[in-house]
Amino acid sequence: MTVNIELISQTDLADESFYITINGLEPRTRYCVEMYLSDYYCINAPLLLDHDVMWKSTAIFLSDQGGMIDTSQTASISGSYKGISGMGLFFNAKPLKNRKRRLPSSLDRIPLRDRFGVEIKIKLGKDVVAEQNFVRRYMNLGIRYQDIYDKHFQGRLFYDEKLRKAPAVIIVSGSEGRIEKAQNIAQLLSSRGYICLAIAYFGLEELPQNLERIPIECLEEAKDFLYHHPQVDDTKIGIYGRSKGAELVLAGQSILDDVQCLVLNSPSNVIFEGIKGKLNSHSSSWTYLQKELPYQKFQLGNYLLNKFLGKHIPEDSRAQIDVSKIASPLLLLGSDVDEIWDASSAIDDIISHYKGKSILFKKYHETGHMLTVAYQPNHRYRKDWHLLMKESVDSWFATINFFDTHLKNL
C-alpha cells in the first residue's frame, strides 16, 4: 500500500494552524515522523541566525488499526514533544545549527523571506518509507511589494494590486532596528486585506546607525505616504508598534495627529534613554523638531535592583508620555513576566491616563516580551510550550480582530 502524507489547513498562511495525516502505514506500528523547515524565517529567533539553517523536530507515533497517524488525534509517545497537538511538531522545531550570517546594510538587499518549506519524513526504524514537501507562506501569492525611501525612514510596502480604498497599517518593530521583523508582520497583515508599510527607522544605510535621537517625524512621513497612496482609504490608517517601536508609536501619537487606531505590543509608558552600540547613549531615543524628548536615564544600580530584587524604580515624571493627548482607539498587549521592561505596569499607567475613544488590553503570564506571530516556535522561554503557543495565538488574533473592527468595521 502506498503511504500518503497530507498537510491539512484552512490556508497555507504561516499564522494558521495545520496538522499532518499519514495513511497507508502498517497497523499498530511505531513510526518516527520528522519535520524539516527550510529557508524558514522565525521572528522569535536571533536576528543573525542564517536563514539557510535547517529546523527540525521529531515525534514517535503508534499507527492505529487502520494504519493511520493524525497529529491532531494521535499522541506523540516521545521526541520533541509528548501528547496530542496538531501543531506540536511545528512549534517545537529547533534550528540544527547556530550559524550566523552578516546582515545586509541596504534595504534593497534584504530578502523577503515570504515562504518556507515543510518536509515530512516517515521512518520505520532507519528506513524512510515516505516523504512529502509542502510550502507555508507569510505572504499570499497576489501580494506585491515596493521599497520606499523617505527622509526619516525606509520602508517596504506590501499590497494587493486589486485593492481599492483599502485600510492600511504602519508596522514599527523594536530595538533591533532594520526591517526584518516588521516585514514579517506586514506580510501576514497584507495577506488579510490590508496595505501594509513596514518601516525601518535606524540600522540601515542612510538611516541613523544607533537607537538614539530618532525623529518621530518618521511616523508622520509614513502616514503621509499612505494618506496619498491611490489604493488607501485615508480614513482607515492604523499603526502597530512592538517593544521599542511601541514606545515610539505612543510617544509620536501623543504629539502628532491621530490615526484611526493603535496596537501597542509590549509597550512602555515612558521614553527611555537611547542605545549606542551596546551602551546607553546619554541622550533621548527620540526627537521632535530636532529637539530631544525628555527621557528616563539608565542607571545600572537601579536596573540591577529591579532585575534581581524586583524593586520598583520610580519613573522620571518628565519622561512619561502624555497619553491623555491620544484619542485613537488602543489595544495594549503585554506580559506580567516581561524580562525587558515592566510592560504590565506600563499598560496600567496608559489605561489610567487615557481619555480617548476606547481602550482594550490583554495581559499574558508565560511568554514575556516576545509576543509575536501565532504558532511560531519560541525557545526563549523555558515554560510549558502549550501555554506559550496559546498566548502567541491569542495575542496575534486579538491584533487582527482589533484592526478588523476599527479599520474594516467588521
Next on the checklist: What pairs come out if I take residues in region 119-133 that are in the same structural domain as Asn23 (by TED's automatic domain parsing) and pair them with residues that are modelled with pLDDT under 95 and assigned to a loop (DSSP other than H, G, I, E, B) whose C-beta lies under 9 Å away, six or more apart or interchain?
Outcome noted: Ala130/Thr2
Checklist entry - Of the residues that make up region 43-50, is at least one assigned to a strand (DSSP E or B), buried (at least 21 other Cβ atoms within 10 Å of the Cβ) and within 31 Å of the chain's Cα centre (by Cα)? => result no
Checklist outcome for this item: Sole miss for Gln65 among (1) assigned to a loop (DSSP other than H, G, I, E, B); (2) surrounded by 18 or more Cβ atoms within 10 Å (Cβ to Cβ) is condition (2)
Checklist outcome for this item: Residue hits (region 203-242; within 19 Å of the chain's Cα centre (by Cα) and surrounded by fewer than 23 Cβ atoms within 10 Å (Cβ to Cβ)) are Gly203
Checklist outcome for this item: Filtering region 97-142 down to residues that are β-branched (Val, Ile, Thr) and in contact with a strand residue (DSSP E or B) (Cβ under 7 Å, 6 or more places away or on another chain) yields Val118, Ile120, Ile122, Val128, Val129, Val135
Checklist outcome for this item: Here the residues within region 9-21 that are within 26 Å of Ala398 (Cα to Cα) and touching an Asp or Glu at 6+ places or on another chain (Cβ under 9 Å) are Ser9, Gln10, Phe18, Tyr19
Checklist entry - If you scan region 86-112, which residues turn out to be touching a residue at least 60 places away in the same chain (Cβ under 8 Å) and farther than 23 Å from Tyr19 by Cα? => result Leu103, Ser105, Ser106, Leu107, Ile110, Pro111, Leu112
Item to check | Matching entry among Leu256, Leu248, Leu207, Leu189 (being touching a helix residue (DSSP H, G or I) at 6+ places or on another chain (Cβ under 6 Å) and either assigned to a loop (DSSP other than H, G, I, E, B) or touching a residue at least 40 places away in the same chain (Cβ under 8 Å) (or both)) | outcome: Leu256
Checklist entry - In region 92-109, is there at least one residue being in contact with a Ser or Thr (Cβ under 9 Å, 6 or more places away or on another chain), within 24 Å of Gln10 (Cα to Cα) and not assigned by TED's automatic domain parsing to the domain that holds Thr372? => result yes
Checklist outcome for this item: Counting only residues that are aromatic (Phe, Trp, Tyr) and more than 19 Å from Ala14 (Cβ to Cβ), region 120-158 contains a total of 2
Checklist outcome for this item: Here the qualifying pairs (Cβ atoms under 6 Å; residues six or more apart or on different chains; first in region 67-85 and within 14 Å of Ser17 (Cβ to Cβ); second among the hydrophobic types (A, V, I, L, M, F, W, C)) come out as Thr71/Ile20; Ile84/Ala75
Checklist entry - Tally time: how many residues in region 259-292 are buried (at least 24 other Cβ atoms within 10 Å of the Cβ), polar (S, T, N, Q) and part of a strand (DSSP E or B)? => result 1
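The values are calculated or read from the model by the stated rules, or taken from the named source; none is laboratory data. Please read all numbers here as calculations on a predicted model, not as lab measurements. Note: ideal-geometry Cβ built from the backbone for every residue, glycine included; neighbour counts use all protein chains shown.
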